[in-house]
Amino acid sequence: EGVRVKVPASTANLGPGFDTLGMALTLYAWIEMKPAEATVFHLHGENLDGLPTDKSNLLYKVAQSVFDEAGVSLPELEITMYSDIPLTRGLGSSASAIVGALYAANLLIGSPLSLGRLFNMATALEHHPDNVGASLYGGIITAVWDGAHAEALRIEPPEQLDVLVAIPDFQLSTSKAREVLPKQIGMSDAVYNISRASLLTAALTMGRLDLIKDAMRDRLHQPYRASLVPGMGRILEEATEHGALGTALSGAGPTLLALVDRTDNQGEELRSFLLGVLGNEGITAR
Ligand code: HSE
């Protein structure tokens, strides 16, 4: 009578696609939900320590919003969550919790809401569509949101594409990483990014990994965020000399992301370069 869903972490922006592009990673959270006599939570994993275990819990509130939308009453729930996704590191942990809870709650009542509806609810909660889109649809997504309505398309990642993420040992809140961004940008920077986000989307769709290096550059957010992540500037400049197809800040950071061609066998060199620059532990994920 209960349901269990597995939901991926995600990386947002992919460099030039600020608030637009996202990609699911092979790093996961699991959410179980079932009707109960009294609401109870089981939150496993050190990442989830300190989250509320009453009805103020986000997973509970998100589930209730699905039931409200579907006209169903299910006030008491047993909710279990296990997560391997580090919090506040630019890997979409809050987006995966929101998407997991929306999807599980919908499944529990026979899936009356469409994926598009769940995507719109998730985007409204998260305030940007890129992480939730990737967690919900998987693969690579390109998304738009005008504050009221969100649309996304999924792109199948090229077969040889692999991802290395270097996760620094400190947390950086999305709001802090958004505060450093300018309110206005110039036309030349806008064109710089539109052209690269478009080229990157087409290159990923067509498997043109040779174009990723040029296509992943960005002038809208990374230059302003570089001061928040020690080593970031050097990694964005030099990682392509150590086997990366391209590099970016993962979402709002501090995680750094490198795209690699798995047939190149340069993962080890790249990994030691990233760890050497960051000077601490990183984690590998797809
Ligand atoms: N697109 C968002 C940002 C992602 O860069 O602020 C946050 O994870």
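The values are calculated or read from the model by the stated rules, or taken from the named source; none is laboratory data. Keep in mind it's a predicted model, so treat the numbers as computed, not measured. So basically every Cβ, Gly included, is an ideal-geometry build from the backbone, and we count neighbours across all protein chains shown.
Some points to look at:
- Of the residues making up the range 1-55, those that are among the charged types (D, E, K, R), in a loop (DSSP other than H, G, I, E, B) and without any contact (Cβ under 8 Å) to a residue 40 or more places away in the chain number 5.
- Total residues in the range 1-19, condition within 12 Å of the ligand (Cβ to nearest atom) and under 11 Å from the mean Cα position of the chain (by Cα): 7
- Filter result for L257 (within 16 Å of the ligand (Cβ to nearest atom), farther than 25 Å from G186 by Cα and either at pLDDT 95 or above or surrounded by fewer than 21 Cβ atoms within 10 Å (Cβ to Cβ) (or both)): yes
- Applying the condition of being in contact with a strand residue (DSSP E or B) (Cβ under 9 Å, 6 or more places away or on another chain) and among the small types (G, A, S) to the range 51-91 and asking which residue is nearest to the ligand (Cβ to nearest atom) yields G90.
- Qualifying residues in the range 201-217 (those that are touching a residue at least 60 places away in the same chain (Cβ under 8 Å) and under 15 Å from V163 (Cα atoms)) - the one surrounded by the fewest Cβ atoms within 10 Å (Cβ to Cβ): L204
- When restricted to residues that are within 11 Å of the ligand (Cβ to nearest atom), of a type outside the set (D, E) and assigned to a helix (DSSP H, G or I), the range 119-132 contains 3.
- Long-range neighbours under 7 Å by Cβ, at least six apart or interchain, first residue basic (K, R) within the range 247-269, second more than 16 Å from the ligand (Cβ to nearest atom): R262/Q160; R262/D162
- Hits in the range 63-118 (condition: under 17 Å from H42 (Cβ atoms), assigned to a helix (DSSP H, G or I) and of a type in the set (A, V, I, L, M)): A63, A97, A101, A104, A105, L108
- Hits in the range 219-253 - residues which are closer than 17 Å to S173 by Cα, assigned to a loop (DSSP other than H, G, I, E, B) and at pLDDT 95 or above: H221, S250, G251, A252
- Taking first residues from the range 109-135 that are more than 18 Å from K61 (Cα to Cα) and touching a residue at least 12 places away in the same chain (Cβ under 8 Å) and partners that are within 16 Å of the ligand (Cβ to nearest atom) and assigned to a helix (DSSP H, G or I), the Cβ contacts under 6 Å between residues at least 6 apart in sequence or on separate chains come to P129/T123; N131/A95; S135/A95; S135/S96; S135/V99.
- Here V180, V165 are screened, and the one residue that is within 14 Å of the ligand (Cβ to nearest atom), within 15 Å of the chain's Cα centre (by Cα) and of a type in the set (V, I, T) is V165.
- Selection of the range 144-163 for residues being in contact with a helix residue (DSSP H, G or I) (Cβ under 6 Å, 6 or more places away or on another chain) and closer than 22 Å to K6 by Cα yields A152, R154, I155, D162.
- Failed item, numbered, when I185 is tested on (1) within 15 Å of the ligand (Cβ to nearest atom); (2) assigned to a helix (DSSP H, G or I); (3) free of Cβ contacts under 8 Å to residues at least 60 places away in the same chain; (4) aliphatic (A, V, I, L, M): (2)
- Residue in the range 35-43 that is of a type in the set (A, V, I, L, M, F, W, C), closer than 23 Å to G138 by Cα and surrounded by 18 or more Cβ atoms within 10 Å (Cβ to Cβ) present: no
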